[in-house]
Amino acid sequence: MALDFDLSTELCGIRFKNPVWTASGCFGYGREFAPVMALRDLGAVVVKGTSAEPWAGNPGTRVTETPGGMLNAIGLQNPGVDHFLRVDWPWLQEQGATVIVNIVGKTVDEYVEVARRLEGSGVAALELNISCPNVKEGGLAFGTSLAGAAAVTAAVRKATSLPLLVKLSPNVTSIVDVAKAVEDAGADGVTVINTLLGMSIDVRRRKPVLGNTFGGLSGPAVKPVALRMVWQVAGAVKIPVVGIGGIMTGEDAVEFLMAGARAVQVGTACFVNPRAPLDVAEGIGAFMRETGVGRVAELVGAARPEGGLGAGTGSAVGAAGRGAPAPAAPGAPAPAAPGAKPPAPKKAVGPMADYLRDFLKDSDRF
Ligand SMILES: Cc1cc2nc3c(=O)[nH]c(=O)nc-3n(C[C@H](O)[C@H](O)[C@H](O)COP(=O)(O)O)c2cc1C
């Protein structure tokens, strides 16, 4: 279904139809979702982490539900970049989708190889997943050390002319330091955040639930952490920030935009509502209509003390424009009448949020 007014956003030199992208690993290559939405209506499709050769992923139980979220230990199973280029990319082009390829590797050379093979393919951008274990550093994820994060970013930067987003791990002491390190190493933008490391135990079996023992926590449970990190990173770097973590509704997404993100990604929500990314985009539109906001840029950084992006360009947290009336985009909603009462805030909705709300209501443990 087409959106009924202009929600476009610009970052890394690309104008996206709207600020809502799918999150890597939660949308496959889009095929399963095509029956319920036109992929070209999304801001972008970020595909599953793609490696130089096919990866088998982890054995055992790979996914389990948690209060307000889920844990996954898929182990980055994917058919490899050649399969993507031969099978999925032509199909995605037929759909008219804007495609960003999330790339993974166990060594810097493997990341570089994927980037090289995607050069000239026509994909819109690369997103570097630096949460992968670095086999040369005893399996420590690239993104958990400043040197590792900078090294892989710099090497891929040299190997590609495509816009390069680096997706940061929250499992670090200072995500701001990692963001600055990848900015200095040549990243064009950062995606904040990947999953938080967690675990779950099956007390009857007296064993960890996940075959891999640990997994990545995602969904509404991580949203406050993700939002805090987006806020911190957006205040510390000049490159654009893409916000992600627990977004279920349009107003969740607006929070990330107001924290300084120029675009958002929707992941776990797709498992409970396959149309979630489009619903989130429409929800942002509804919020803009209700509150008389003409352009997405007016929301970017709007909750920050230094002011939002507003009508200005450049840094996502530039001082320009907060509160200044911006010219309405074609088809944009009419601004609210002066003195009009602001609409009451909407409650978070969605199966995960409902589940968490019921859980908290019925539990005396919190
Ligand atoms: C099942 C699953 C698979 C994922 N696979 C990837 C992946 O291949 N590459 C990546 O960068 N992130 C991957 N992620 C992380 C998500 O893209 C996202 O960063 C995280 O889930 C937080 O967003 P959410 O709460 O909206 O899901 C995966 C997440 C899930 C739940």
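Each Lys or Arg adds one and each Asp or Glu subtracts one; over the other residues with Cβ under 15 Å from the Cβ of residue 214, this totals +1. For segment 1-116, what's the relative contact order in percent, using C-alpha pairs closer than 8 Å and at least 6 residues apart? Taking the mean separation of contacting Cα pairs over the length of segment 1-116, I get 26 percent.
Going by the alpha-carbon gyration tensor, a ≥ b ≥ c the square roots of its eigenvalues, is segment 128-286 rounded (a/c under 1.5) or, if a/c is not under 1.5, prolate (a/b greater than b/c) versus oblate? Judged from the Cα gyration tensor, segment 128-286 comes out oblate (a/c at least 1.5, b/c at or above a/b).
For segment 201-271, the dipole from Cβ point charges (+1 on Lys and Arg, -1 on Asp and Glu) about the Cα centre works out to 400 debye, to the nearest 20.
The distance linking segment 212-251 with segment 35-53 is 20 Å (Cα centroid to Cα centroid, whole angstrom). Of the trypsin sites (Lys or Arg not before Pro) found in segment 216-311, the ones in coil according to DSSP and having at most 15 other Cβ atoms within 10 Å of their Cβ are 238, 275.
Look at the alpha carbon pairs under 8 Å that are at least 6 residues apart: their mean separation over the length of segment 156-237 gives a relative contact order of 31 percent. A prolate overall shape is assigned to segment 235-283, the ratio a/c of its alpha-carbon gyration tensor axes (a ≥ b ≥ c) being 1.5 or greater and a/b exceeding b/c.
Which shape class, rounded, prolate or oblate, goes with segment 1-67 when its Cα gyration tensor gives a ≥ b ≥ c as root eigenvalues, a/c under 1.5 marks rounded, and past that a/b bigger than b/c marks prolate? Here segment 1-67 falls in the prolate category. Over segment 185-304, Cα pairs under 8 Å with separation of 6+ residues give a relative contact order of 23 percent. Fully extending the segment from residue 136 to residue 87 would add 14.5 nm, taking 0.36 nm per residue of separation and subtracting the current Cα-Cα distance. For the peptides 92-98, 79-85, the ranking by packing is 79-85, 92-98, with the highest mean count of neighbouring Cβ atoms within 10 Å listed first.
Cross-link pairs exceeding 22 Å between alpha carbons, from the set 17/158; 48/106; 158/238: 17/158. Annotation for residue 205 and residue 275: the two label points, set 7 Å from Cα along the Cα-Cβ direction, are 3.6 nm apart. Among beta bridges from DSSP that stay inside segment 106-223, the antiparallel ones total about 45%. Amide H contacts of residue 21 (H built 1.01 Å from N, in plane; Pro and chain starts excluded): 44, 264, 265, 266 sit under 5 Å, all sequence-distant by 5 or more or on other chains.
Throughout, read-outs are computed from the coordinates displayed, never taken from laboratory work. If you're wondering where the values come from, they're calculated on a predicted model, not measured in any experiment. Ideal geometry is used to build each Cβ from the backbone, glycine not excepted, and the neighbour counts take in all protein chains shown.
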